[in-house]
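Inspection log for the structure reproduced underneath, given as structure tokens.
The values are calculated or read from the model by the stated rules, or taken from the named source; none is laboratory data. What you are looking at is a predicted structure, and each value in this text was computed from that prediction instead of being measured. All Cβ positions, glycine included, derive from the backbone under ideal geometry; neighbour counts span all protein chains shown.
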């Protein structure tokens, strides 16, 4: 497969600390720019029953997720935030206590900005049962928002699998452009990909964005813990959900992503010890499709994609909303161009 730009990665030694570092402030918004926000995996729950605090008797909390959604709401106007997408692993242990906290914080975005939630492997069982996600974020709770296009449905008995907002679609417009966004569950099966492909075809005049949980990361399932850091990286060739029905990142590319002229951006998470990657690959018609992995160790970072029509470029910024600095280093990725970079993205009509 020919790569247009680059697949960036580094292979740092294992680091015990899980703190982000940086010193630079968020730069000013360019004129007429708008922002799409990507929320990375948010598994940093503490309190009773949580992995991080097994002996605690305190109520369950997630201060990082709370800080992320508060920052989005507070800066919707000055950052011209037009859409928010969560890459999945909304919770860690997939229990009612963590889901209640997730809903408490994420619900503060309702009525503030259009948003989507992607179901990660920690948000359901290995067989794809996502009933706790469905209880807390059902399709019915979004149906009255004009930006909510709908979700995948099926007539099988296993309604806890794939249906009822587990795979969803949203519409928004900004900068004189119309967009469609799809959230596809981790290792989405063929029936879900067929639904997604149909939607992209019916909305071919809209610019398409897709968020799925597993796309970029360690190529093949590591055999050792060190492999999760050091093994080769790219579009993933292994699954965590749905067994034989599940599609790898590579299969999702071949069956869906590469086929649609209106798709240029794919967002994913899942790989905390990879943290950040980007890969630009030509679709079947030759246009570039860029995938971005964003998984900042469940720390309070957001990826801010500033679309700048005057430049035909996207400024990708990774921002720590607690320390109010751009991320310049993590325990695993020590290259600035993983965290802050620009992408060509045509937005202005070509000159005649």
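Which of the following residues is surrounded by fewer than 17 Cβ atoms within 10 Å (Cβ to Cβ), more than 17 Å from residue 81 (Cα to Cα) and at pLDDT 95 or above: 270, 295, 284? First the steps, then the outcome.
On the way: 270 fails: surrounded by fewer than 17 Cβ atoms within 10 Å (Cβ to Cβ); 295 fails: surrounded by fewer than 17 Cβ atoms within 10 Å (Cβ to Cβ).
So the residue among 270, 295, 284 that is surrounded by fewer than 17 Cβ atoms within 10 Å (Cβ to Cβ), more than 17 Å from residue 81 (Cα to Cα) and at pLDDT 95 or above is 284.
Mind checking which residues of segment 218-229 are assigned to a loop (DSSP other than H, G, I, E, B) and either more than 23 Å from residue 127 (Cα to Cα) or within 20 Å of the chain's Cα centre (by Cα) (or both)?
Keep residues of segment 218-229 that are assigned to a loop (DSSP other than H, G, I, E, B), which gives 219-226.
Matches in segment 218-229: 219, 224, 225, 226.
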Within segment 53-81, take every residue that is touching a residue at least 24 places away in the same chain (Cβ under 8 Å) and part of a loop (DSSP other than H, G, I, E, B) and give me the one that is nearest to residue 34 (Cα to Cα). 80
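Given the residues 167, 187, which is the only one that is under 22 Å from residue 107 (Cα atoms), surrounded by 14 or more Cβ atoms within 10 Å (Cβ to Cβ) and in contact (Cβ under 8 Å) with a residue 24 or more places away in the chain?
Going through 167, 187 in turn, just one is under 22 Å from residue 107 (Cα atoms), surrounded by 14 or more Cβ atoms within 10 Å (Cβ to Cβ) and in contact (Cβ under 8 Å) with a residue 24 or more places away in the chain: 167.
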Considering only residues that are in contact with a strand residue (DSSP E or B) (Cβ under 8 Å, 6 or more places away or on another chain) and loosely packed, with under 15 Cβ neighbours inside 10 Å, which ones fall in segment 216-248? 227, 232
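Restricting to segment 318-331, count the residues that are surrounded by 20 or more Cβ atoms within 10 Å (Cβ to Cβ) and either under 21 Å from residue 207 (Cα atoms) or out of contact with any helix residue (DSSP H, G or I) (no Cβ under 6 Å at 6 or more places or on another chain) (or both).
5
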How many residues does segment 230-284 hold that are part of a strand (DSSP E or B) and closer than 29 Å to residue 20 by Cβ? 14
How many residues are without any contact (Cβ under 8 Å) to a residue 12 or more places away in the chain and within 23 Å of residue 173 (Cα to Cα) if we restrict to segment 305-350? 2
Take the conditions without any contact (Cβ under 8 Å) to a residue 24 or more places away in the chain and more than 26 Å from residue 91 (Cβ to Cβ) and apply them to residue 279. Does it pass? no
Restricting the first residue to segment 82-107 and requiring it to be at positive phi and touching a residue at least 24 places away in the same chain (Cβ under 8 Å), which pairs with a second residue that is surrounded by fewer than 19 Cβ atoms within 10 Å (Cβ to Cβ) and not in a helix (DSSP H, G or I) meet a Cβ separation below 9 Å and a spacing of at least six or different chains? 94/125
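With the structure loaded, tell me whether residue 207 is surrounded by fewer than 16 Cβ atoms within 10 Å (Cβ to Cβ) and either touching a strand residue (DSSP E or B) at 6+ places or on another chain (Cβ under 6 Å) or farther than 25 Å from residue 20 by Cα (or both) or whether it fails that test. Outline the logic, then answer.
Values: surrounded by fewer than 16 Cβ atoms within 10 Å (Cβ to Cβ): no; either touching a strand residue (DSSP E or B) at 6+ places or on another chain (Cβ under 6 Å) or farther than 25 Å from residue 20 by Cα (or both): yes.
Answer is no for this residue.
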